[in-house]
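The values are calculated or read from the model by the stated rules, or taken from the named source; none is laboratory data. The model shown is predicted, which means the values in this text are computed figures rather than measured ones. Backbone-built Cβ (ideal geometry, glycine too); neighbour counts: all protein chains shown.
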Amino acid sequence: MRYQAIIFDLDGVICRTDQYHYLAWKQVADELGIPFDEQVNERLRGVSRMASFDIILERYNGTMSDEEKIHWTDKKNEIYKSMLTQMGPDDMLEGVADTLHKLRAMELDLAIGSSSRNTKFILGQLGLSDFFDAISDGTNITHSKPDPEVFVKATEFLNRAPAECLVVEDAVAGLQAATAGGMDSAAFGEIAIRSGLGTWNLERFSDLIGIVA
């Protein structure tokens, strides 16, 4: 086979929690009197929680200490997690469950590479807690995408060389991170495909089978 392992971004690839993120950040921004819209939210894709808040604060007229930043980002996360309790297996994107089972049957190593600190909680809600061989996420990295750290750590957890791994990403920052880490990537979704940064393009999640077979 062309690859021995596949590393998946979570949000926008396995499931879609964009709207939950948006609503949670919007509530925080509204409390702080900061203008926040979908255009700003688009810049937060694939970015860590604190880095996302720094982007939002670009429109903030006041000053904020590190302690205050932690307070607001923690508050955002609590709002977000309360929304995530509504998630279930039906929230997986089309074709994900069937394709993951086929990839598992092909004896490929499967991992998650996500900047989210809620990865394990989300996987639990989706019924995928025990499905992946490794999880590299916001709890064990210090640099967010486009830095390749999250994907490099995933290769280390899998004991695989970067060249053996394919990264599946829907965000430009994620595709850049894969390239920086020496990995091929599959661009999933309109924005990622339009960027031209992927080694492969996925119109449908199930197209993965044809790439790795």
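Remarks
- The number of residues in segment 1-58 that are among the charged types (D, E, K, R), assigned to a helix (DSSP H, G or I), modelled with pLDDT under 95 and surrounded by fewer than 18 Cβ atoms within 10 Å (Cβ to Cβ) comes to 3.
- Criterion violated by Asp207 - all others in (1) acidic (Asp, Glu); (2) over 20 Å from Leu100 (Cβ atoms); (3) modelled with pLDDT of 95 or more satisfied: (2)
- The selection criterion, being without any contact (Cβ under 8 Å) to a residue 60 or more places away in the chain, touching a Leu at 6+ places or on another chain (Cβ under 8 Å) and more than 24 Å from Asn159 (Cα to Cα), holds for Ile55.
- Qualifying residue in segment 185-200 (condition: of a type in the set (Ser, Thr, Tyr), in a helix (DSSP H, G or I) and without any contact (Cβ under 8 Å) to a residue 40 or more places away in the chain): yes
- Candidates Ile141, Ile122, Ile135, filtered to the one that is touching a Lys or Arg at 6+ places or on another chain (Cβ under 7 Å) and outside any loop (DSSP other than H, G, I, E, B): Ile135
- Residue match in segment 90-98 (condition: among the small types (Gly, Ala, Ser) and either surrounded by fewer than 18 Cβ atoms within 10 Å (Cβ to Cβ) or in the same structural domain as Asp137 (by TED's automatic domain parsing) (or both)): yes
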